[in-house]
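Take a look at the structure below.
The values are calculated or read from the model by the stated rules, or taken from the named source; none is laboratory data. The structure displayed is predicted, hence computed values, not measured ones. Note: ideal-geometry Cβ built from the backbone for every residue, glycine included; neighbour counts use all protein chains shown. The accessibility values were calculated without ligands, DNA or RNA, using every heavy atom of the protein model including side chains. Shrake-Rupley method; radii C 1.70, N 1.55, O 1.52, S 1.80 Å.
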Amino acid sequence: MSALYTVTASRFALERNPFGKLVLTNEAGERFEGVAPVRAFPIQSPEDGISIVSQDGKEVGWVDLLADVPQPAQDLIRAELATREFMPVIERIVSVTSFSTPCTWSVETNRGPTDFVLRGDEDIRRIGKGNALLIADAHGIQYLVRDQFAMDAQGKKILDRFL
């Protein structure tokens with residue numbers, strides 16, 4: 001495996017060990033292996049407030065603004081977040097099998113086309129003050145609609161029927 005990547009944020013150093021785990025070293029020199037970044041506000045402010053938690057769930061580091069972290073650390077944090085988070089963004093609603101639930105939705109997401117089952121109207125939630133929606137499928141996978149009013153006419157019509 002290649003050399004270790006070591007980067008320093010404001011008050012800790014972050015590196016990836018040869019086993020692919022993130023290792024955080026704080027100001028006191030304590031090392032925490034297998035840490036994971038967790039977004040405080042994953043939908044509304046994904047770049048603000050990122051906690052670095054140890055394997056037992058305790059916070060061992062904090063990043064106020066990801067843009068303030070030196071670039072190599074940003075890449076490490078972003079890569080780790082990408083492996084942990086799975087929330088496809090719905091870009092277009094192709095069709096639904098019915099306007100009553102349960103029904104199957106065919107959508108195009110940022111990760112490709114897919115179909116999922118919507119169990120009930122209550123599985124569509126408005127989030128924040130914007131126009132974002134969170135749709136949970138029958139398996140618990142969350143789909144994000146960043147702006148319901150930015151969708152095409154067909155998508156708006158379908159969403160209106162369920163909201």
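In table form, for the structure just shown:
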{"quantity": "The range 138-163 - residue that is of a type in the set (Gly, Ala, Ser), free of Cβ contacts under 8 Å to residues at least 40 places away in the same chain and part of a helix (DSSP H, G or I) and, of those, nearest to residue 112 (Cα to Cα)", "calculated": "150"}
{"quantity": "Yes/no for residue 33 being touching a strand residue (DSSP E or B) at 6+ places or on another chain (Cβ under 8 Å), in a strand (DSSP E or B) and under 27 Å from residue 137 (Cα atoms)", "calculated": "no"}
{"quantity": "Test: residue in the range 137-158 that is of a type in the set (Gly, Ala, Ser) and open to solvent by 70 Å² or more (accessible area, probe 1.4 Å)", "calculated": "yes"}
{"quantity": "Residue list for the range 75-126, filter: charged (D, E, K, R), open to solvent by 80 Å² or more (accessible area, probe 1.4 Å) and within 30 Å of residue 22 (Cα to Cα)", "calculated": "75, 78, 84, 111"}
{"quantity": "Any pair with Cβ under 7 angstrom, 6 or more apart, that starts in the range 113-133 at a residue that is without any contact (Cβ under 8 Å) to a residue 24 or more places away in the chain and ends at one that is open to solvent by less than 70 Å² (accessible area, probe 1.4 Å) and in a helix (DSSP H, G or I)", "calculated": "131/148"}
{"quantity": "Residue list for the range 53-82, restricted to those being in contact with a Leu (Cβ under 8 Å, 6 or more places away or on another chain) and of a type outside the set (S, T, N, Q)", "calculated": "60, 61, 73, 76, 77, 78, 80"}
{"quantity": "Enumerated strands (runs of 3 or more DSSP E) restricted to the range 72-125, each holding at least 3 residues that are of a type outside the set (Val, Ile, Thr) and under 20 Å from the mean Cα position of the chain (by Cα)", "calculated": "112-118"}
